[in-house]
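Report on the structure given below.
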Amino acid sequence: MRYVEALPCTALAPYVQCYWALELSGEAPVGVHRVLPDGCLDILVDLTGGVGLHVVGAMRKAEVVPLSPRAAFVAVRFRPGGAQPFLRLPLNELTDAKVALGDLWPPEAREWRERLAEAPGTAARFALLERLLLGRLPGQEGDAGVRRAVDHILGARGQVPVRTLEAVVGVGTRQVERRFHAAVGLSPKVLCRIARMQHAVELSRGLEGAEWALAAGYYDQAHQVREFRALTGLTPGAYVREQARQVGFVQSSQEAGA
């Protein structure tokens, strides 16, 4: 199993978190992988049997997906809210959904499919995805108020009272909710919960029990267990044990490396 990430160029950095690729080359069945919610939207290129292009919307809970022993993917992972200026539709229409790129960008999807099929390897595919996105670079960066609020939530690792976002966005609570649903595909409360869970996952290699729960920002261990069950489908301990059995690809909210 080989998983790699690469950072976007400066012009795309406000929108794109990273490009990523996953390749499996074993003969034995791999089984399944648990994909955690991270607030992001991906354009996923499935190279397993040809070139399949899909948009995977922001998730509100983990999804367990099967992996074949010869699977291959490359993708663009947008920052929370970063895809909206490119897709130009309310992102809550894509929440918890997987949609063919051709349904949203028919001409572009045909071009992407043809050119990605010819690209020789992961680095060339990353470079091609970047060029294709630059060709659709929006004139405006989208909802600036929501972007500030998202940065605030992620920077605080989810420890943000939702009402304080009114001052950040510059509107009342109901407008904050509506604008988050349109620009991110999630409510600010759900994004806070996801950011806190992702922080807890980052801490899981060094802490456990009540110490882990408090360090991650939960009220107590019971609170962490409830949140983990709701977002990942597992208790914290069961999640750690599952990850210990896997080798290679571990989804993370940390910044990508070049």
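The values are calculated or read from the model by the stated rules, or taken from the named source; none is laboratory data. Please read these numbers as outputs of a predicted model, since none were measured by experiment. Here the Cβ is made from the backbone with ideal geometry for all residues, glycine too, and neighbour counts use every protein chain on show. We work out accessible area using only protein heavy atoms, side chains counted, and drop any ligands, DNA or RNA first. Shrake-Rupley method; radii C 1.70, N 1.55, O 1.52, S 1.80 Å.
Within this structure, Glu130 fails the test of being surrounded by fewer than 16 Cβ atoms within 10 Å (Cβ to Cβ) and either closer than 28 Å to Val176 by Cβ or not hydrophobic (A, V, I, L, M, F, W, C) (or both).
Consider region 189-211. How many of its residues are touching a helix residue (DSSP H, G or I) at 6+ places or on another chain (Cβ under 6 Å) and either part of a helix (DSSP H, G or I) or on the phi > 0 side of the Ramachandran plot (or both)? Show your work before the answer.
The initial filter retains those residues of region 189-211 that are touching a helix residue (DSSP H, G or I) at 6+ places or on another chain (Cβ under 6 Å), namely 189, 191-192, 195, 197, 203-204, 207, 210.
Filter once more, keeping what is either part of a helix (DSSP H, G or I) or on the phi > 0 side of the Ramachandran plot (or both): 189, 191-192, 195, 197, 203, 210.
Of the residues in region 189-211, 7 are touching a helix residue (DSSP H, G or I) at 6+ places or on another chain (Cβ under 6 Å) and either part of a helix (DSSP H, G or I) or on the phi > 0 side of the Ramachandran plot (or both).
If the condition is being more than 28 Å from Leu186 (Cβ to Cβ), surrounded by 14 or more Cβ atoms within 10 Å (Cβ to Cβ) and in contact (Cβ under 8 Å) with a residue 12 or more places away in the chain, then region 76-125 contributes Arg113, Arg115, Leu116, Thr122, Arg125.
Among the residues examined, Val160 qualifies as assigned to a loop (DSSP other than H, G, I, E, B) and farther than 30 Å from Val45 by Cα. Contact annotation: residue pairs with Cβ atoms under 9 Å, 6 or more positions apart or on different chains, pairing a residue in region 183-210 that is among the acidic types (Asp, Glu) with a partner that is surrounded by fewer than 23 Cβ atoms within 10 Å (Cβ to Cβ) and at pLDDT 95 or above, are Glu202/Arg157. Got at least one residue in region 167-182 being open to solvent by 50 Å² or more (accessible area, probe 1.4 Å), in contact with a Phe, Trp or Tyr (Cβ under 9 Å, 6 or more places away or on another chain) and without any contact (Cβ under 8 Å) to a residue 60 or more places away in the chain? No, that holds for no residue. None of Val45, Val32, Val55, Val64 is over 29 Å from Arg229 (Cα atoms), in a strand (DSSP E or B) and touching a strand residue (DSSP E or B) at 6+ places or on another chain (Cβ under 9 Å) except Val45.
Would you be able to say whether some residue in region 151-160 is farther than 22 Å from Tyr219 by Cα and within 17 Å of the chain's Cα centre (by Cα)?
Within region 151-160, the subset farther than 22 Å from Tyr219 by Cα is 151.
From what is left, the residues that are within 17 Å of the chain's Cα centre (by Cα) are 151.
There is at least one residue in region 151-160 that is farther than 22 Å from Tyr219 by Cα and within 17 Å of the chain's Cα centre (by Cα).
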